[in-house]
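Colleague: Here it is, the structure, as structure tokens.
Each reported figure results from applying straightforward, stated rules to the coordinates on display, with no laboratory input. Keep in mind that this is a model prediction, so the values were computed, not measured. When we count neighbours, we look across all protein chains shown, and the Cβ atoms used for this are built from the backbone with ideal geometry, even at glycine.
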Amino acid sequence: MLNIVISIISYDIWFYISHLLLHSKQLYKYHKEHHTKIVPTFLDTYVAHPFETSFQGIGMFFPYAVINYTGYETIIILVLLNIRGTLQHDERGTFLVGNHHLLHHRYQNCNYGQYWIDALCNTASP
């Protein structure tokens, strides 16, 4: 269980960093496809340039360099991250995950990651 939590935290930290980078002038061309809808639905979760998808997704694998994960743990991590991602892109999921990411799609200058890391980095919406 600890391995799963470590990988999800690693993903969250990398997602935040990579998401900030994707909003930079140099890399936004790879991210703008994901922001085509101000009010996304779960179907828009994976609307993204292939570079963005691979660039952001590698964060969950950083701990694999020092921790021996089982295939079972990897599947659990992928399922949890994908469920959370789809819930965060649809108003129907707000009762479970809040509207933090939906506000990012509306304003695009805040809420780059999970609420906890945006709060720590002072990038959460007011």
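Colleague: Given the DSSP H assignment, sum -39500 (n - 2.57) over each helix run of at least 4 residues in the chain and divide by its residue total; what's the result at 222 nm in deg cm²/dmol, nearest 500? Write down the numbers at each step before the final one.
Modeller: Details: 7 runs with 70 residues, N = 126.
The helix contribution divided over the chain gives -16500 deg cm²/dmol.
Colleague: How high is the relative contact order of the chain, in percent, with contacts defined as C-alpha pairs under 8 Å that are six or more residues apart? Don't skip to the answer; put the middle values down first.
Modeller: Numbers: 148 pairs, mean separation 38.3, N = 126.
It comes to 30 percent, rounded to a whole number.
Colleague: For the chain, what are the per-bin percents of Cα-Cα distances with bins 10 Å wide, up to the bin holding the maximum?
Modeller: 13, 44, 35, 8, 0
Colleague: A follow-up question, please. With r as the distance between the Cβ atoms of Arg106 and Leu80 and R0 = 25 Å, compute the FRET efficiency 1/(1 + (r/R0)^6) and round to 0.05.
Modeller: The pair Leu80/Arg106 has a calculated efficiency of 0.50.
Colleague: Could you rank the peptides 83-95, 62-74, 3-15, 114-126 by their average count of other C-beta atoms within 10 Å per residue, with the highest value first? Before the final figure, lay out the partial values.
Modeller: Working: 83-95: 16.4, 62-74: 11.6, 3-15: 18.2, 114-126: 14.2.
Answer by packing, highest mean first, reads 3-15, 83-95, 114-126, 62-74.
Colleague: Shifting gears a bit: Apply 1/(1 + (r/R0)^6) to the Cβ-Cβ distance of Phe62 and Val5, taking R0 = 22 Å, and write down the FRET efficiency to the nearest 0.05. Provide the component values of the computation, followed by the final result.
Modeller: Details: r = 14 Å, r/R0 = 0.63.
After rounding, the FRET efficiency stands at 0.95.
Colleague: Given labels modelled 7 Å from the Cα in the Cβ direction, how far is it in nm from Ser54 to Ser125?
Modeller: Going from the Ser54 label point to the Ser125 one covers 3.2 nm.
Colleague: Using θ = phi - 60° and the Karplus form 6.51 cos²θ - 1.76 cosθ + 1.60, what ³J(HN,Hα) does each residue of the range 112-119 get, whole Hz, x for Gly and Pro?
Modeller: My calculation for the range 112-119 gives 7, x, 6, 3, 4, 7, 5, 5 Hz in order.
Colleague: Quote the charge dipole size of the chain about the Cα centre in Debye, to the nearest 20; the model charges only the Cβ of Lys and Arg (+1) and of Asp and Glu (-1). Show your work: numbers first, answer last.
Modeller: On the way: 7 positive and 8 negative charges, 57 e Å.
Computed about the Cα centre, the dipole is about 280 debye.
Colleague: On to the next question. Can you list the HN-Hα couplings for the range 36-48, worked out from phi with the Karplus curve (6.51, -1.76, 1.60; θ = phi - 60°), rounded to whole Hz and with x for Gly and Pro?
Modeller: Once rounded to whole Hz, the list reads 5, 10, 6, 10, x, 10, 4, 5, 8, 3, 9, 6, 6.
Colleague: Please work out how much length the chain gains when fully extended from Ser24 to Val39, using 0.36 nm per residue of separation minus the C-alpha to C-alpha distance, in nm with one decimal. Intermediate results must be reported in sequence, preceding the final value.
Modeller: Details: separation 15, 0.36 × 15 = 5.40 nm, distance 2.17 nm.
My answer for the length gained is 3.2 nm.
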